[in-house]
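Below: one structure, written as structure tokens.
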Amino acid sequence: MDGCWLILTGLFSIYLFLQKGNSTLLRGSGVTGKKSMYELKIKEKIEQVTGLDDIKLTVPPPGFSGDLSSNAALASGIVPQKLAEELNGLDEVEKTDIAGPGFINITINGKALEDEIKEILSSPALYGGGEKKGKVLFEMVSSNPTGPLHIGHGRGAAIGDSLARIFEKLGYDVFREYYVNDTGNQMQLLGESVRCIQQGKEVPENGYRGDYMKQIAAGLTSSEDLSKAAGEKILGMHFETLNKFAVEYSSTVYESDFIRAKKVEDVIEEMKKRDLTYEKDGALWFRSSSFNDDADRVLIKKDGELTYFASDCAYHIDKAQRAERLVNIWGADHHGYVERLRAFFKAFGYAGKKRMDIVLYQLVDLKRGSEKVSMSTRAGEFVTLDEVLDEVGKDAARFFMLMRSSDAPLEFDLELAKEESSKNPVYYVQYSHARICSIFRKKGISFEDISPSDVQGLGNEEREIVKFLAHYPVLLQKCLQLDAPHLLTDYLRQSASAFHKYYDTVRVIGSKQERQRLALLRAVKEIIKDALGLLGVSAPEKM
RNA sequence: GCGCCCGUAGCUCAGUGGACAGAGCGUCGGCCUCCGGAGCCGAAAGUCGAAGGUUCGACUCCUUCCGGGCGUACCA
């Protein structure tokens, strides 16, 4: 029976290899040519030997030896002994054990762990980073300028900006763009609302009101193009808020410019030429249902006006011409637009050539303790991003926005975010950084006084924490691959905890191993600082 | 009706097929002559919404159903 099973799985593995072999080759190696970063190196080796695409290394469960564990032999059908042998050939591997049905448990040797710290200390900002890669264009927030940004926009900004920082770290040439929807009914309505307020009349039923509108109306004269002028003012407010939130854009583009420059017309002409459109009921339609969308979509309304979707097509063509890869950060309430945009991409032949990620994030529920905070948009009583920033500060706001997967709704507790205690994860993490800084102050040396040569030998206490640090480069790749910056908040919490635990059991200043322990602490500090930086959160030296 | 997301410990959530399901908060119980106690250690707590299926192996993939959110415009 066993023999039979082996033959079958063997055949299956050949099948898998044939299936997956190509994509592995295409992916290209050389994620990093660096000498250290053993976890990445082992990962690449396993992928090379098994032909698997993106393998996962785990930590062996309690009771098993080893520092890292892989199920790749099982998953690929390769004989575990063969893979283990290949791994034993790596300098970083002390030994391997085969356990259970074919898990390979890998023990890292002491030298590799030391080298890892040396690598961190020699160039902290570069550790875990990548080589030069192509241009990526991020589009985020892109609210129409009719009212203040609310907390949901904040989530989009935090996800987009942090993901952008991760892309930058990994070598991509990143651009952050703000697309302004400054045309259409909403903008007309904005102009009318301003006029009504100025004339002391009742604002139209679906119009804009609230304190911000009174201020804007007061700052404009009636002779201006009220819609345009008000839009510009509100856009200015948006950027002010985003600035406070540590989000900076490289460019701003206006929907109206695309229309004025006839780019939207051009795209529609091109679509007509390619027979992607038809006329019905006086409107011009795009055959998006031929490209996996639920229904066809209107490009030009029967009144002759362009739809938002039409200019969005023009905008995305423009973006695709400027970058190799596009990332759009959208609220989940826009998920209905994903397929139509993808349909357009397919129809224009971009689908296979340019990668376009659309990250959807679920809504934010604001709470104050156990009490829900109303976010009704009516009468302008919603909680703005500005108000949240003023109340809890940039660091807490950014961190909290990134604590959850973008797929999950986010519960944002204003009370917790303000709390200066270990209950608050931001403080917990920042505290670990400040505490390490304090140790160096106490010792009276600077971080630069510690160099790679101070790393000499590691005890068992150190091993655990080094393994944790060594995982950072792999984690960053995972964040990028899954468009999931929230993984960093969890990693930071665990890093902080690993440090506190270590510091609780080991004496640093005054011990025989003082120098090397300080070296380890500096490495921890550098990783925490770097990771916080990617989240847009500060790493204070004192609190 | 149809589509997308979610349903995991009292609460908020991690877990992109693998070895006995994890964390934080909350609850209960320990640890300060010592480098920041804004810290550490331990305990209790789960039929992973339900039922089928695929697999050597399913919280993870497929189908159906039940809950909740969002979307289903010639609005943006």
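The values are calculated or read from the model by the stated rules, or taken from the named source; none is laboratory data. Model, not experiment: these values are computed from the prediction. Heads up, the Cβs are rebuilt from the backbone with ideal geometry, glycines too, and the neighbour counts pull from every protein chain shown.
Here's the yes/no breakdown for (1) surrounded by fewer than 19 Cβ atoms within 10 Å (Cβ to Cβ); (2) under 17 Å from the mean Cα position of the chain (by Cα):
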| site | (1), (2) |
| --- | --- |
| A:Leu482 | yes, yes |
| A:Pro485 | no, yes |
| A:Leu492 | no, yes |
| A:Ser497 | yes, no |
| A:Thr505 | yes, no |
| A:Gly510 | yes, no |
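Surrounded by 19 or more Cβ atoms within 10 Å (Cβ to Cβ) and either within 30 Å of A:His486 (Cα to Cα) or of a type in the set (Phe, Trp, Tyr) (or both): is that true of A:Phe348 in this structure?
Against the criterion (surrounded by 19 or more Cβ atoms within 10 Å (Cβ to Cβ) and either within 30 Å of A:His486 (Cα to Cα) or of a type in the set (Phe, Trp, Tyr) (or both)), A:Phe348 qualifies.
Within the range A:524-543, how many residues are in contact with an Asp or Glu (Cβ under 9 Å, 6 or more places away or on another chain), of a type in the set (A, V, I, L, M, F, W, C) and closer than 12 Å to A:Cys437 by Cα?
Residues that pass the stated criteria total 2.
When you go through (1) under 20 Å from A:Ala125 (Cα atoms); (2) within 13 Å of RNA strand B (Cβ to nearest atom); (3) touching a helix residue (DSSP H, G or I) at 6+ places or on another chain (Cβ under 6 Å) one by one for A:Gln430, which number turns out not to apply?
That leaves (3) as the condition not met.
Please pick out the residue among A:Ile98, A:Ile159, A:Ile120, A:Ile151 that is at pLDDT below 95, under 30 Å from A:Arg325 (Cβ atoms) and touching a helix residue (DSSP H, G or I) at 6+ places or on another chain (Cβ under 9 Å).
A:Ile151
Inside the range A:312-346, can you point out the residues that are more than 23 Å from A:Gly134 (Cα to Cα) and either among the acidic types (Asp, Glu) or touching a Lys or Arg at 6+ places or on another chain (Cβ under 7 Å) (or both)?
A:Asp312, A:Asp333, A:Glu339, A:Arg340
Could you check how many residues of the range A:410-446 are under 22 Å from A:Arg517 (Cβ atoms) and in a loop (DSSP other than H, G, I, E, B)?
Count: 3.
Just to verify a result, which residue in the range A:162-217, among those that are β-branched (Val, Ile, Thr) and part of a strand (DSSP E or B), is modelled with the lowest pLDDT?
A:Val180
With (1) touching a Leu at 6+ places or on another chain (Cβ under 8 Å); (2) over 28 Å from A:Gly156 (Cα atoms) as the list, and A:Pro473 as the residue in question, which single condition is left unmet?
(2)
Looking at (1) within 21 Å of the chain's Cα centre (by Cα); (2) acidic (Asp, Glu); (3) within 9 Å of RNA strand B (Cβ to nearest atom), which is the one condition that is false for A:Glu526?
(3)
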